[in-house]
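Input: a single structure, listed below in structure tokens.
The values are calculated or read from the model by the stated rules, or taken from the named source; none is laboratory data. These figures come from a predicted structure and were not determined experimentally. Note that we place each Cβ from the backbone using ideal geometry, even for glycine, and neighbour counts take in every protein chain shown.
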Amino acid sequence: MDGEIVLKLSIVVPAYNEEETLELFVSEVNKQTEKLPLEKTFYFINDGSVDNTLGILKKLSVNKNIKYISFSKNFGKEAALLAGLREADGDYITVMDADLQDPPVMLNEMYTKIQEGFDIVGTCRVSRDGEPPIRSFFAKTFYKIINKISDTEMVDGVRDFRLMTRQVDSILKLKENNRFSKGIFSWVGFKTTYLPYENRERVAGTTSWSFFGLLKYSIDGIVNFSEAPLNIATFVGFVSFLTSCLLSLFYLVKTLIFGDAVQGFPTLIVLILLLGGLQLLSIGIIGKYIAKIFLETKKRPNYIIKESNIKSN
Ligand code: UDP
Ligand code: MG
């Protein structure tokens, strides 16, 4: 483009034990987005990998459009994303997984959408092929629940893979420590559209999500973006209090009229168990929120950088 200013694209990639995928990732992205009229810079975040991810990143970074940040330990994908977004200085920014499950070729179509006037172009999976059925089931249930009880809309199957304009700065303004990106991106608003695509297997390596890891992630999502569990606990507590008032009145009258026969032990036990259970549940829910407050008040940094080839920070 003679004389024209070339706009920049920052590609933010969290990487945890991705030694086998990184080189392929870079060459695939470069190959499949050849026609994109943007100058690409990669921002890899080595999230405390225990394999040779850092070594490979150093090797790749002889190319000056490849930057890396290396954490002092594993801080999780959300922290890695945050670190990358803080450094990314392109006119457009995209967030991608290193395992090529996010097809780079889609960037072309996403860029077209941006030019049509969208601020954020996200992606969502239309199928969950290649995923254990039980995991799909829980994922679907999670989205059903969260959309009923939270004002922040979350589309089923949404990936972190998205292309957005510079306005991403607003995401960094959310100072919360417990970061749930899917909710944050939706919360900040902007004109957003989602492109559907078929799920695909990662090119190499293994997923770092366990079932319980995902379960914890969904509970975090709910607690961070909804107060509904607290309301439910309050409501259930109120109803059972009212019921027990009415019941005691009923038994008082009954005893006064018919006398007291030793009866109703099963009912008693059931009631005690029920109420005890409800109380423990409510305390547990409240505890989750208090734990969040506790973590937020400590104001710990989301991550610690051990080394990086980015000079500006
Ligand atoms: N990842 C990370 N830190 C972690 C776990 C994962 O940076 O603690 C990165 C990982 O390297 C990959 C992306 O997050 O680029 C998605 O991870 P994965 O493929 O394991 O998740 P899945 O695609 O199965 O949801
Ligand atoms: Mg993956």
Taking into account only those residues within the stretch 8-22 that are part of a loop (DSSP other than H, G, I, E, B) and within 12 Å of ligand 2 (Cβ to nearest atom), which is surrounded by the most Cβ atoms within 10 Å (Cβ to Cβ)? E18
Criterion (within 15 Å of ligand 1 (Cβ to nearest atom) and part of a loop (DSSP other than H, G, I, E, B)) met by exactly one of G48, G90: G48
Does D89 qualify as being loosely packed, with under 15 Cβ neighbours inside 10 Å and modelled with pLDDT under 80? no
Does the stretch 208-243 hold any residues that are under 30 Å from D99 (Cβ atoms) and not in a helix (DSSP H, G or I), and which are they? S208, W209, S210
From L281, L271, L246, L295, grab the single residue that is closer than 30 Å to Y68 by Cα, in a helix (DSSP H, G or I) and not acidic (D, E). L295
Between a first residue in the stretch 139-166 that is on the phi > 0 side of the Ramachandran plot and within 16 Å of ligand 2 (Cβ to nearest atom) and a second residue that is part of a helix (DSSP H, G or I) and of a type outside the set (D, E), which pairs have beta carbons less than 9 Å apart while being 6 or more apart in sequence or on different chains? G157/A139; G157/K140; G157/Y143
Looking only at the stretch 55-93, count how many residues are among the hydrophobic types (A, V, I, L, M, F, W, C), away from ligand 2 (no atom under 16 Å from the Cβ) and in contact (Cβ under 8 Å) with a residue 60 or more places away in the chain. 9
Just checking, which of N30, N63 is under 19 Å from Y111 (Cα atoms) and more than 26 Å from the chain's Cα centre (by Cα)? N30
